[in-house]
Amino acid sequence: MLLAGVTACGSGDTGVSEANGRLPVVATTMQLQDFAREVGGKRVRVVGILGPESEPHEYEPTPSDADAVSRARVVAQNGAGLDEWLDDLLANAGSEARRIDASEGIELLPTEDEGFAGDPHVWHDPERAQTMVDNLAAGLSSADPPGRATYERNAAAYKRALDEMAARIRSSFEPIPADRRNLVTSHDAFGYFARAYDVRVVGSVLPTISTDSEPSGRQIGQLVAEIRARRVGTIFTEEAVDPELERQVAAEAGADVSTSLYADVLGRPGSGAETFIGAELANAKAMLSAWKEG
Ligand SMILES: [Zn+2]
């Protein structure tokens, strides 16, 4: 009763304060926002920076982001070069929040792309996602020691849910022969997913791990040849990325364009993909239906 009353009279979604008794937490990506809500439960109040339309690679923080981080006690980021704009945001806001780098200790897949120590899309591997969850639980426990047991219990329960999600995806892919499990996407965001679920990344229209790039004519030509050679029937667009180039490549290669995948963002409220698990299951479902059609 008390909690409901306080929440109703509270400062609303944008108000990050400790007045409601919850630890104010800001998280950059939507995946991290979901993880922070799962791990933090009722002890935290999570304010997200990125939404369903915001590509993390190219994001430009707003004044309300600066306001949120200046009030936060904990700021969680993906790390691995995905959300480096957070550095300036925290410095400009004079933030004294405890910072959690969710990728800390995670081995990155290599990339040749300049400016990256490795591929930052670590959450698409369920085991690495579990490490992110552990990093969050450790960071929240440091900021709020009395909550440690709660954070650890919540993290353990959510990690079990991630295991179940991974098992569901693996068994749903089982009937599909290996040479059909091909992925062509907007940008190179599914390397971890491919490794975890035995899928082949044939290529991406933007030939880098960032969305902040443009393919050359030669690169497009190579991709089209690859799509034809492997008889890839479907190219996937991505939520929050303009699909125009995918449409052109698909037309040139004689392939279809399929439902958008959740590469770097989650879905809108009510889409079923507003949680990380919902988004990964939606991705798997979209891939399955494309592979079945051939
Ligand atoms: Zn990305």
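The numbers here are math on the coordinates, done by the rules we state, and not lab data. None of these values were measured; they are calculated from a predicted model. Reconstructed Cβ throughout: ideal geometry from the backbone, glycine too, with neighbour counts over all protein chains shown.
Over 23 Å, how big is the tail of the calculated P(r) for the chain, in percent of all Cα pairs?
The calculated P(r) of the chain puts 56 percent of pairs beyond 23 Å.
With everything on Cα atoms, drop me the angle between helix 126-143 and the longest principal axis of the chain, reported from 0 to 90° to the nearest 10.
20 degrees
Sorting check: for 59-65, 69-75, which peptide has the highest mean count of neighbouring beta carbons within 10 Å, and how do the rest follow? Walk me through the numbers before you get to the answer.
Numbers: 59-65: 14.3, 69-75: 22.3.
The peptides rank, most packed first, as 69-75, 59-65.
Pairs of alpha-carbon atoms within less than 8 angstrom and 6+ residues apart define the contacts here; what relative contact order does the chain have, in percent?
Worked out over the chain, it gives 16 percent.
Report, by chain and number, residues whose modeled amide H sits under 5 Å from the one on ARG98, excluding near sequence neighbours (fewer than 5 apart, same chain).
Long-range HN contacts for ARG98: VAL74, VAL75.
Computed over the Cα atoms of segment 2-168, what is the ratio Rg over Rh, Rh following Kirkwood?
That ratio equals 0.97.
If neighbour count is taken as other Cβ atoms inside 10 Å, put PHE35, PHE190, PHE116 in order from fewest to most.
Final ranking by Cβ density, sparse to dense: PHE116, PHE190, PHE35.
Using +1 on the beta carbon of Lys and Arg, -1 on that of Asp and Glu, and nothing else charged, what's the dipole of segment 175-293 about the Cα centre, debye to 20? Could the numbers behind the result be given before it?
Values: 12 positive and 17 negative charges, 115 e Å.
Dipole of segment 175-293, to the nearest 20 debye: 560 debye.
Report, please, the projected area of segment 175-293 averaged over directions, based on the convex hull of its C-alpha atoms, in nm².
Value for segment 175-293: 7.0 nm².
Using the alpha-carbon atoms, what tilt in degrees (0 to 90, nearest 10) does helix 148-173 show relative to the longest principal axis of the chain?
Here the helix axis deviates by roughly 10 degrees.
So what is the relative contact order of segment 2-168, in percent, for Cα pairs below 8 Å that sit 6 or more residues apart?
21 percent
What's the angle, to the nearest 10 degrees (0 to 90), between helix 30-40's Cα axis and the longest principal axis of the chain?
40 degrees
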